[in-house]
Amino acid sequence: MGIHRRGKSNSIKDLLVKIARREHLEILEGDTTPFAIYASAWLERKKTTLARSTYGDYRSIWKKYVLPYFGNMPLCRVTRFDVEEFLGSLPDISGKRKNNIMVPLKCLFNDASRRGEIDEPPSENIRRLKELRPFIDPFSFPEMKLLLERVDPHYVAYFTTAFMTGMRPNEMIALKWSNVDFEMRCITVREGRVLGVEGAPKTMASYRDIDILDPLFEALRKHRQEAPAGAIYVFPGKTGRPLEVNNLRKRVWYPAIDAAGLHRRTMYQTRHTFAPLMLSHGEDPLWVARMLGHTSLDMIFKHYGKFIRNRSRKDGGRFLEGLREAEASANGKA
């Protein structure tokens, strides 16, 4: 099989060829396919079934982490010890990222086992690493107001919507006017945009209808009136093209944060602001979960439990009232 060279290409296929042809690659007699070759074929097969963003992430994981470590090994000689050593060799990244790196690696070994290339997956029974909960750093009402006053006017409607709906950035940049119903006061989430490609949400719960609260209704209605005739996207960039999250973060979000004199937060904190503000003001947790696209209250209690308050009393109030009644009753009998 011929190998076509295309200059100094940095493609994953070129990387795989280089790894497979290294002078110190030694495959003992009786060994099966080299890891690098099998990995190339596996990723190519998955290309048609994976979302583009997922395929891109797997490809990046292969090139940056997996192939430099396993590329020279015969596939059938990779052991559980090798996989554990690989995990230990990863740089200082989060447990969540390490778990994400292990996902395609485990899939590859399971695939190789089913195809008879190896006896048992060496990644079997390797536990997921502990993942830290996301850092919740919500904005207060005054901070929200200050930020919206400092942000580029073109993007005020975008960030007003982000704060008042808890929508994810990829959902917002894909939002079209056809999915904003002013009569029913509802935003319908049916797609997201990742790496320039629009597609269905990752989970069924992400398909949802979001209530447009009164202040947001006015902001969106004004934004619609100012939009060009025939506009498709609700929040395009200044050129009219769909927004790109990284550019929005670097060129709009952080400059507005700095101009407002606020400490830096990730743009995702708009979503983490919606839930705490609603819960702390006594809104129904089930409603908040539905707005965010959660199927149950588990995520609400897990991430935002400390913000849940009852407006008429403090938690433990009924217990204290019962305790006082019991003490009074006891004193009356004395």
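The values are calculated or read from the model by the stated rules, or taken from the named source; none is laboratory data. Predicted model only: the values in this text are computed from it and were never measured. As a convention, Cβ positions derive from the backbone with ideal geometry for all residues, glycine included, and neighbour counts pool all protein chains shown. Side chains included, ligands, DNA and RNA excluded: accessible areas come from the protein's heavy atoms. Shrake-Rupley method; radii C 1.70, N 1.55, O 1.52, S 1.80 Å.
Okay, here's what the table says:
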| item | result |
| --- | --- |
| Cross-chain or 6+ apart pairs with Cβ under 7 Å, segment 213-229 first and of a type outside the set (Lys, Arg), then open to solvent by 50 Å² or more (accessible area, probe 1.4 Å) and not in a helix (DSSP H, G or I) | Phe217/Arg185 |
| Scan of segment 223-251 for residues that are outside any helix (DSSP H, G or I) and open to solvent by 80 Å² or more (accessible area, probe 1.4 Å), ordered by number | Pro228, Ala229, Ile232, Lys238, Thr239, Arg241, Glu244 |
| Test for Glu149: is it assigned to a helix (DSSP H, G or I), open to solvent by 70 Å² or more (accessible area, probe 1.4 Å) and of a type in the set (Asp, Glu) | yes |
| Output for segment 49-104, where each listed residue is open to solvent by 10 Å² or more (accessible area, probe 1.4 Å), within 24 Å of Gly116 (Cα to Cα) and of a type in the set (Phe, Trp, Tyr) | Tyr58, Tyr69, Phe81 |
| Test: residue in segment 115-130 that is free of Cβ contacts under 8 Å to residues at least 40 places away in the same chain and closer than 17 Å to Glu44 by Cβ | yes |
| Any pair with Cβ under 6 angstrom, 6 or more apart, that starts in segment 86-110 at a residue that is assigned to a loop (DSSP other than H, G, I, E, B) and ends at one that is surrounded by 15 or more Cβ atoms within 10 Å (Cβ to Cβ) | Leu90/Lys98 |
| Residues of segment 206-222 satisfying the condition of being open to solvent by 20 Å² or more (accessible area, probe 1.4 Å) and in contact with a helix residue (DSSP H, G or I) (Cβ under 9 Å, 6 or more places away or on another chain) | Asp209, Asp211, Leu213, Pro215, Ala219, Lys222 |
| Segment 187-205, subset outside any strand (DSSP E or B) and not small (Gly, Ala, Ser), residue least open to solvent (accessible area, probe 1.4 Å) | Pro201 |
| Residues located in segment 252-291, provided they are part of a helix (DSSP H, G or I) and either among the small types (Gly, Ala, Ser) or loosely packed, with under 15 Cβ neighbours inside 10 Å (or both) | Pro255, Ala256, Asp258, Ala259, Ala260, Ala275, Ser280, Leu286, Trp287, Ala289 |
| Residue in segment 319-332 that is of a type outside the set (A, V, I, L, M), at pLDDT 80 or above, in a helix (DSSP H, G or I) and open to solvent by less than 70 Å² (accessible area, probe 1.4 Å) present | no |
